[in-house]
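Below: one structure, written as structure tokens.
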Amino acid sequence: MNAGTLLFILDLPLRRKIEDAIETSSFLYLLNQGGTPSPGMAKENRRMIILYSASIIEAILLHLFKRKGFVMPKVEYTKVHTLPPNYQLETGLTLVMAKQLTGSRSDRELMLDNLLKFFYDQGPIKLVLKEKIDRARNVRNTFHLSKSRKGIQCGDSAVQSSFDAVLGTIRVVRAYLIANP
């Protein structure tokens, strides 16, 4: 990636954070390629690379979302009241009456899964890239030590896929901003 690749990110502090994250990922990758870490450390390095990759993708998609002024609806319910027992006809379910409020999600509520679905549904992100991003997101979600990592692969191919997802996201967002100034 050359120095001008991220110039479409107009938020300079964000661009710098993304550049730092890419640099850190590259360092961890080179560290693993040197063959010095133990197998356990190499696996955790790969997990961190994927964590950074997913965070980079999320930041770039959030930048696009905010820059283009997109809105993602949010529905909330307040003043929830349980209906009397004679209206409770289904086992395991509770019928309620509530006030429905609609609004838009705040930045804190715009996570990678929401952004990915939004931009996949809108069209800029195609299925192949979506699958790579989902793979990185799934590995990132196992970063919590108390969560199961069963069935989630974190090998060299997952790292390569996450790098491909970062580059693919950069290309898609940059092209989208050029086509939709």
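When Rg and Dmax are taken over the Cα atoms of the range 8-100, they come to 23.7, 70 Å. When shorter helices are ignored and each DSSP H run of at least 4 residues is given -39500 (n - 2.57), the per-residue value for the chain at 222 nm works out to -19000 deg cm²/dmol. In the context of the full set of protein chains, the chain has a per residue accessible area of 63 Å² (1.4 Å probe).
Here the label points at Leu127 and Val75, each 7 Å from Cα along the C-beta direction, are separated by 2.8 nm in the simple model.
Pairwise Cα separations in the chain fall into 5 Å bins from 0 onward with the following percentages, short to long: 1, 7, 14, 16, 16, 12, 10, 8, 6, 5, 3, 2, 1, 0. Within the shell defined by Cβ-Cβ distances under 12 Å, the residues around Gly103 carry a net charge of 0, with Lys and Arg each +1 and Asp and Glu each -1. Spacing of the modelled spin labels on Ser104 and Gln88, each 7 Å from Cα toward Cβ, amounts to 4.0 nm. Largest first, the residues Tyr87, Tyr29 sort by 1.4 Å accessible area into Tyr87, Tyr29.
Quick one: Kirkwood hydrodynamic radius for the range 6-60, alpha-carbon pairs, angstrom, one decimal? Evaluated over the range 6-60, this radius sits at 11.9 Å.
Note the angle between two axes, namely the Cα long axis of helix 12-33 and the longest principal axis of the Cα atoms of the chain, as a number of degrees from 0 to 90, rounded to the nearest 10. Helix 12-33 and the main axis of the chain meet at about 60 degrees.
The values are calculated or read from the model by the stated rules, or taken from the named source; none is laboratory data. Nothing here was measured: the structure is a model prediction, and the numbers come from that model. Quick reminder, even Gly has a Cβ in these numbers, built from the backbone with ideal geometry, and neighbours come from all protein chains shown. Side chains included, ligands, DNA and RNA excluded: accessible areas come from the protein's heavy atoms. Shrake-Rupley method; radii C 1.70, N 1.55, O 1.52, S 1.80 Å.
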